[in-house]
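J.: Input: one structure, supplied below.
No value in this document is a laboratory result; all are computed from the given coordinates. This one's a predicted model, so the numbers in the text were calculated from it and none came from an experiment. Neighbour counts are summed over all protein chains in view; Cβ atoms, including those assigned to glycine, are modelled from backbone coordinates with ideal geometry.
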Amino acid sequence: MLSITGKTAPLCDGLSRRDLLKIGALTVGGLSLPDLLRAEQAAGIRNSRKAVIMIYMCGAPSHQDMYDLKMDAPSEIRGEFRPIETNVPGIEICEHMPRLAKIMDKCIPLRSVVGSPNGSHDSFICYTGRTTVNQPPGGWPSFGSVVSEVLGQKNKAVPPFVGLSPDAGHPPYGSPGLPGFLGVGNAAFRPSGPSRDDMVLKEISADRLQSRKQLLTSFDSLRRDIDASGTLEGMDAIAQQAFDILTSSALAEALDISREPAEVRERYGQGDPKNYGDGAPRNLEHFLMARRLVEAGARVVTLNFGRWDFHSNNFGGLRETHLPQFDQGLSALIEDLHQRGMADDVAVIAWGEFGRTPRINPDGGRDHWPQVGGGLLAGGGFPTGQVIGATDRLGGEATDRPVHFGEVLASLYRHIGIDSEGVKLQDLAGRPQYVIEHPPMPELA
């Protein structure tokens, strides 16, 4: 069982990493350290094409108006929408998601997602599978940051973890997932706004840029080994990544969706690039951009979508804006991955931080309901065309197979090539921490 340790912190037995590397007789399961590294390379873990696209639905969508409609409940519970059949017999979803209904054989509705600690709006649970209570020094890292630390870059010109989430009025809505104790070197790369113009060389050659890099390095006389926070080391990683990006056009080209055929862009649509209230935009081009990024070598791409916190006019907001656009963008992404032969390599998860109340309030809205929510999985080579979990007649409690956020993320770790039950990472106090507390879902094996 391997433990990924910091570069300067001592191991739990008092040995430094440098001392560990000097022990030629070190074996793990009969393999020396060089053998383990060669085995990892031979297995293609670092060169794997596996990737994950995570869609955070800011503010928490109402599960009972999307994948788990309750037609036998009283009118003040079931609401205005009706279910429609999908291309999988026995699975029905909301009438305002007809495109997803046509490809339900490529999807997995999750009807019993649990684990949200309370009714506070925070993307943290979606990105980490954990709560913000009793965090280790530095805080829990997000899925993307763990993948960045353990697997590194697949293509040196493309960051392993890209966040397409623009800032939002409510900061957690705009978070792409935080690096926690893994430090800024494993933070999401966020190519938003005018900074995209700075990703390509203009009036300077690659050779001259390299000379400037060497000059910058020669000026740096700071001792990195006394920086206990890891911030300086993280800045080194960021600087190296910036130079790699500038000397290649791979990232800039991945972000340039004008390179796509017109019919592909039309299928995805445009949506609305403006933030919805204090939430996120309904930018359908981000779905296409996410596909292009993982195709170029990104391992994890996160994006945020809309503002689903409909305490009033729930059905108007869902019917007129959010559901039709979400249906178009997500269905186009899933179909595109299949058509391009990427569906087994790229897993997609779309969800929010909790569910909504079974009872509709006097303003025609649904309020916060941390007891149970829902989500949708696709790709990843998973056995799709199935529903996982169920809630009671009112949609208020999980009655069959409660699925914890952490179980879904553990399954995504397994998909991308990380043993979540074996790999440990050191927090800022030098203590080893498992990347997640839950095992992978057996239904996805």
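J.: For a test of the definition: using alpha carbon positions, the gyration tensor, and the 1.5 limit on a/c, classify segment 104-186 as rounded, prolate or oblate. Provide the component values of the computation, followed by the final result.
T.: On the way: a/c = 1.61, a/b = 1.18, b/c = 1.36.
Verdict is oblate for segment 104-186.
J.: Which chymotrypsin sites (Phe, Trp or Tyr not before Pro) from segment 248-294 combine a DSSP loop assignment with at most 16 other Cβ atoms within 10 Å?
T.: On the way: sites: Tyr268, Tyr276, Phe287; in loops: Tyr276.
Here no chymotrypsin sites (Phe, Trp or Tyr not before Pro) fit, given the DSSP loop and packing criteria.
J.: For segment 46-82, which chymotrypsin sites (Phe, Trp or Tyr not before Pro) are in a loop by DSSP, counting at most 16 other Cβ atoms within 10 Å?
T.: On the way: sites: Tyr56, Tyr67, Phe81; in loops: Tyr67, Phe81.
In loop regions of segment 46-82 (DSSP not H, G, I, E or B), there are no sparsely surrounded chymotrypsin sites (Phe, Trp or Tyr not before Pro).
J.: Continuing with the same structure: 7 Å from Cα along Cα→Cβ at both Arg431 and Ala390: what's the point-to-point distance in nm?
T.: 4.1 nm
J.: Within 10 Å, count the other beta carbons around each residue, average over each peptide in 425-435, 324-334, and list them highest first.
T.: On the way: 425-435: 17.7, 324-334: 23.2.
Descending packing order for the listed peptides: 324-334, 425-435.
J.: Any idea how far apart Ser258 and Glu80 come out in nm if each label point goes 7 Å out from Cα toward Cβ?
T.: 4.0 nm
J.: Here is a follow-up. Listed here are the pairs Lys106/Lys424; Lys50/Lys424; Lys70/Lys102; which of them are more than 23 Å apart at the Cα?
T.: Working: Lys106/Lys424 33 Å; Lys50/Lys424 21 Å; Lys70/Lys102 21 Å.
Check vs 23 Å cut-off fails for Lys106/Lys424.
J.: Separate question: Which loop trypsin sites (Lys or Arg not before Pro) in segment 364-445, with loop taken from DSSP, have no more than 16 other Cβ atoms within 10 angstrom of their Cβ? Walk me through the numbers before you get to the answer.
T.: Details: sites: Arg366, Arg393, Arg414, Lys424; in loops: Arg366, Arg393.
Those that pass, being in a loop and sparsely packed, are Arg393.
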